[in-house]
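One structure is given below, encoded as structure tokens.
The values are calculated or read from the model by the stated rules, or taken from the named source; none is laboratory data. Values in this document were obtained by computation on a predicted structure and should not be read as measured data. Note: ideal-geometry Cβ built from the backbone for every residue, glycine included; neighbour counts use all protein chains shown.
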Amino acid sequence: MNTLTLSRFTPITLSQTHKWMLLASVCIFALALLSIGYGPAGWDWRLAIAWLAPEYFNQFDALQINVVMQIRLPRFVLAVLVGLILAQTGAATQALCRNPLADPSIIGISAGAAMVAVAFIALSAQFNFNAQLYLPYASFLGALGVTSLVYFIAKQQGQINITTLILVGVAINALAFAIIGLLSFFADDSALRLINYWTMGSLGGASWSTIIQAAPLLLISLIGLWRLKEPMNLLLIGESQAQYLGVDTNKLKLYVIILVALGVGAVVALTGLIGFVGLVVPHIARLMVGPHLRNMLPLCMLIGVVVLLLSDWLARIVIMPAELPIGIITALLGAPLFIYLIVKNKRGWS
Amino acid sequence: MITFNNLSVGFDNHNVLNTISGSAKAGQLVALLGENGAGKSTLLHTLAGMHSFTGSVLFNTKPLASHAKKRLATQRAVMMQANHVGFDFTVFELIAMGRYPYVESLKMQSEKVHKYAAIMDLSHYLTRRVSALSGGEQQRVHMARTLAQLNAFTQSAEPRLMLLDEPTSALDMRHQHALLSCVKTFVEQGNSAIIAIHDLNLASLYATDAILLHNKKVLQSGPINTVLTEQNLQQMYAMKLHVNPHPYNDAPMVFSQRQEFL
């Protein structure tokens, strides 16, 4: 073989990935203008940049600038963070289970986190402590417990059985919602509203202080999973194959479980249950650039941000002036795709 | 290179391998022969470190488990049969995974992938999705990945080991010989390989040594010319077989004869 002609060849997926990432970035920029510029306090795209240098934008009063800085900006930042985390934890869960149908909301991780979060809120009223402060950490523990439980139940003779995985998810989701329902009887009025909002998901509660509280968990999950993308990629071709290639798979799986639980736990504490993002987004990214995490993961995370910003914007305009929970929008988009994937993959189940 | 002594492996109280011993040294291409279910794959998996066992497995005179994983991956590669990949990677991506244990630039990695793809006759398939390939083509992709993992056909101070489980089962005759001659050249450069294989004549043409597995035990092992005898083979396969010299190569050839259906 003539190696000279061969070495000029570069893998096509690289440039393809960059094209899609550019497109996603443009979408994010447009949605940023929309999401920061739009709201009950006024709709003007210039609001999205006015807060940077208010002295040049005389048409806006101080109140409007303040609304942007204290309400719309934290909401935008939260949407970006949640989009990144949900997309990445979805892709990581799929690598862990070696199955494109796995998703933290489907296999019960999010519900487990929400259950512990709700229990925490309900108990805080009884025992008089500040639930808000420790909420991200409590729901992290819930997510960690469920992830470990689901993983070890579904693992039979070294193989993850996807049918068991999803059935366990169904059971855990049902159990978690039953316990959430039960706890709501013990909650006072304000806690009840919080609980309601947990089960549907909303970015409406965004504030700088809650974001900063959860930031350590979010950042550890984001950076940690990002750094594991090469070994996680090898998990996709099988656990023993990954081991033969020099990956310490036991350690890797433990890290992935903890990092997914950190991310999902913190996100649930901040926004409640936003389902199906971790299923839909990696699927779209794989259709665009294939399953290799080096290409797929960055694109997947950008698409996650696009989906979150778009869903949040829809949630805000569909029944104006009231707001729809964002979890309804993502479920409406995601559940049909999930059914489609099950039908398509039916023969591939083992 | 790799030595195993009194090796026993069992699943669910069912013994699959019973106190077997053997070795593969630098320069040896060992054919692992035996009936279906004789334990060939189990032996390969055990030597690769997948199953728990009693007895000892020494790789370069040290127990297998005591080797650092990433370094071991550059000295020992495993190619298993039925290598189904659930996610649809391209041929390029799959071969590039063999380079995981190495620290190198993407450009360097790409050159390596092209080198080993060319050896396995895959240069024109690099951008294809693996699911679009035939079984034999997929087998060649996994072989190219194995070669890439061991940095085959380059200078190296330390000998390297290949464990291959029926690498030729889906290949046409030309590619069977291409793959085995490639492994033979690799072995002649001071490395070794253990291959589980059903085709006795291919084994005879390319292997230096053979291990015959029968009834959970080693029936016989040694240089392949001395192991492939009518007596051994008839005992192993419980059927009439003839061994005659190859007309052009110095290798015994095994002929079966037509049977009546009972």
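Brief remarks follow.
- If the condition is being under 25 Å from B:Lys40 (Cβ atoms), in contact with a Ser or Thr (Cβ under 7 Å, 6 or more places away or on another chain) and either more than 9 Å from chain A (Cβ to nearest Cβ) or acidic (Asp, Glu) (or both), then region B:80-111 contributes only B:Gln81.
- Which listed residue is away from chain B (no Cβ under 14 Å), out of contact with any strand residue (DSSP E or B) (no Cβ under 7 Å at 6 or more places or on another chain) and either aliphatic (A, V, I, L, M) or farther than 30 Å from B:Leu64 by Cα (or both), from A:Leu165, A:Leu144: A:Leu144
- Looking only at region A:1-49, residues that are in contact with an Asp or Glu (Cβ under 8 Å, 6 or more places away or on another chain) and modelled with pLDDT of 80 or more come to 2 in all.
- Residue satisfying condition, being among the hydroxyl-bearing types (Ser, Thr, Tyr) and under 26 Å from B:Val103 (Cα atoms), within set B:Ser134, B:Ser169, B:Ser156: B:Ser156
One line per residue, one yes/no per condition, for (1) free of Cβ contacts under 8 Å to residues at least 24 places away in the same chain; (2) under 21 Å from the mean Cα position of the chain (by Cα):
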residue: A:Ile179; (1), (2): no, no
residue: A:Phe186; (1), (2): no, no
residue: A:Arg193; (1), (2): yes, no
residue: A:Thr199; (1), (2): no, yes
residue: A:Gly205; (1), (2): no, yes
residue: A:Leu222; (1), (2): no, yes
residue: A:Gly246; (1), (2): yes, no
residue: A:Gly263; (1), (2): no, yes
residue: A:Ala269; (1), (2): no, yes
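- Region B:44-71, residues that are more than 10 Å from chain A (Cβ to nearest Cβ) and at positive phi: B:Gly55, B:Asn60, B:Thr61
- Any hit, region B:184-193, residues being among the acidic types (Asp, Glu) and not in a helix (DSSP H, G or I): no
- Residue-level analysis places B:Ala118 among those that are facing another protein chain (nearest Cβ under 7 Å) and either part of a helix (DSSP H, G or I) or surrounded by 17 or more Cβ atoms within 10 Å (Cβ to Cβ) (or both).
- Scanning region A:210-236 for residues that are within 30 Å of B:Leu150 (Cα to Cα), assigned to a helix (DSSP H, G or I) and more than 9 Å from chain B (Cβ to nearest Cβ) turns up A:Gly224, A:Leu225, A:Trp226, A:Arg227, A:Lys229, A:Met232, A:Leu235.
- Restricting B:Lys240, B:Lys217 to those that are among the basic types (Lys, Arg), touching a residue at least 40 places away in the same chain (Cβ under 8 Å) and more than 16 Å from B:Leu29 (Cα to Cα) reduces the list to B:Lys217.
- Residues within region A:177-195 that are touching a helix residue (DSSP H, G or I) at 6+ places or on another chain (Cβ under 8 Å) and outside any loop (DSSP other than H, G, I, E, B), tallied: 9
- The set of residues in region B:132-146 being more than 17 Å from B:Arg174 (Cα to Cα) and either in contact (Cβ under 8 Å) with a residue 60 or more places away in the chain or within 11 Å of another protein chain (Cβ to nearest Cβ) (or both) consists of B:His142, B:Arg145, B:Thr146.
- Residue list for region B:10-33, filter: within 14 Å of the chain's Cα centre (by Cα) and crowded, with 22+ Cβ neighbours inside 10 Å: B:Ala24, B:Leu29, B:Val30, B:Ala31, B:Leu32, B:Leu33
- Across region A:237-250, the number of residues qualifying as more than 20 Å from B:Leu147 (Cα to Cα) and either within 7 Å of chain B (Cβ to nearest Cβ) or modelled with pLDDT of 90 or more (or both) comes to 1.
- Residue within region A:132-147 that is under 26 Å from A:Leu236 (Cα atoms), out of contact with any Leu (no Cβ under 9 Å at 6 or more places or on another chain) and either in a helix (DSSP H, G or I) or aliphatic (A, V, I, L, M) (or both) present: yes
- Close pairs (9 angstrom Cβ cut-off, 6 or more residues apart or separate chains): at the interface with chain B (Cβ under 9 Å from one of its Cβ atoms) in region A:1-30, exposed (fewer than 15 other Cβ atoms within 10 Å of the Cβ) and modelled with pLDDT under 50 anywhere: none
- Scan of region A:101-124 for residues that are surrounded by fewer than 24 Cβ atoms within 10 Å (Cβ to Cβ) and either among the basic types (Lys, Arg) or closer than 27 Å to A:Glu239 by Cα (or both), ordered by number: A:Leu101
- Candidates in region A:50-64 are the residues that are crowded, with 16+ Cβ neighbours inside 10 Å and in a helix (DSSP H, G or I); of these, the one that is modelled with the highest pLDDT is A:Gln64.
- The set of residues in region B:153-168 being crowded, with 24+ Cβ neighbours inside 10 Å and without any contact (Cβ under 8 Å) to a residue 40 or more places away in the chain consists of B:Thr168 alone.
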